[in-house]
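Peer 1: Got a structure for you, questions after.
No value in this document is a laboratory result; all are computed from the given coordinates. The structure displayed is predicted, hence computed values, not measured ones. A quick note on method: Cβ atoms are made from the backbone with ideal geometry, for glycine too, and the neighbour counts reach across all protein chains shown.
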Amino acid sequence: MILDHPSRAALNPASEAELAALIAQRCAARQPLRIAGGGTRIETGAVPGDVLSTAAIGGVVTYEPGEMTLIARAGTPLDDIEAMLAAEGQALAFEPPDMRGVLGQVGAPTIGGVVAANASGPRRLLAGACRDHLLGLRFVDGQGRVLKNGGRVMKNVTGLDLGKLMAGARGSLGVLTEVALKTLPHLPDRCTLGFHGVTVEDAAAIFATALATPFEVSGAAFRDGTAWLRVEGLGPQMDYRRDRLLALLAPREAELLDAAATLALWRALRDVAHFAGSDAPPLAGAGQAPATHRPRRGRFRRLGGAVSLDWGGGLVWYCG
């Protein structure tokens, strides 16, 4: 089961109960299904079976700003959730990306699709991935059983933490129907340091130096010959960390972007907008640790195409 485009969905249950009954019926008949999220991810292989959309299973169950917890059904549009959080001065700290532009897809990202793909943006290197903010979930397994794991508070896990397995499984272990997430206050101030005219290896070396400090870099990305470092927080302490990074990376000169320019830049970096419109979708290689050492010269040059980095080098985008 994979994420797919909901416009081709033949099956569109309106509730968790309908979904469970449908999956149980298909299981008994040994008929496979393909799971559709919001239609923002491309299909990754010829998988048989009817498409099953969870778009109708939507809505916020509960949001408690004071407790910084959110429970929403899987089909809830991500835009709706982010707007609701912003009204309370909060956000999803893992900064989920919008991949529609670069993948040439349509539709609306859903919170279930975000969790199913473990979709995490540039702030992952500081705040962690989507799965690290997942408090609990409900899902329907391949036999039509409704299962739940976790709750609305952070605590030590005494049993199997199914959320860690489900986040990133893309529906292969079950169909998400409800997720509980931790929210965090929106960071009030931000700035970006841009180091121009560097190679990808130079950028990785800059990241290795910056990320080894206690100065809480919340973004480290490279594209088109520029290495970018983002710093966020309260004004005075953010200024201190920025100045210390500048001193540490001297004599390299850096361009300083203000808060507005920083928002626009990192939204584009998050969504890989620099590769949008290419003839073929870019390939991503993830799972590496952020850069903690200087890479060998020519390591990326052998690829022969355009390369960009995110997560301090932990995520490599390649477009050949």
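Peer 1: What is the Cα radius of gyration of segment 1-186 over 2.2 N^0.38 Å, N being its residue count? Before the final figure, lay out the partial values.
Peer 2: Working: Rg = 15.6 Å, N = 186, 2.2 N^0.38 = 16.0 Å.
Ratio of Cα Rg to 2.2 N^0.38 Å: 0.98.
Peer 1: Quick one: dipole size for segment 113-223, taken about the Cα centre, charges +1 on Lys/Arg Cβ and -1 on Asp/Glu Cβ, in debye to the nearest 20.
Peer 2: 500 debye
Peer 1: Hey, another quick one. How about segment 185-234: which chymotrypsin sites (Phe, Trp or Tyr not before Pro) there lie in a loop by DSSP and see at most 16 other Cβ atoms within 10 Å?
Peer 2: none
Peer 1: Okay, moving on. What FRET efficiency comes out for residue 106 versus residue 17 if R0 is 25 angstrom and r is the Cβ-Cβ distance? Round to the nearest 0.05.
Peer 2: 0.25
Peer 1: Right, here's the next one. Using 0.36 nm per residue, how much length does the chain from residue 50 to residue 268 gain when fully extended, once their Cα-Cα distance is taken away?
Peer 2: Net length gain for the segment: 75.0 nm.
Peer 1: Would you mind computing, in nm to one decimal, how far apart the modelled labels at residue 213 and residue 306 are, each placed 7 Å from Cα along Cα→Cβ?
Peer 2: Here the answer is 3.0 nm between the modelled labels.
Peer 1: Out of the trypsin sites (Lys or Arg not before Pro) in segment 14-122, which ones are loop residues according to DSSP with at most 16 other C-beta atoms within 10 Å?
Peer 2: Here the sparse-neighbourhood loop sites are 30.
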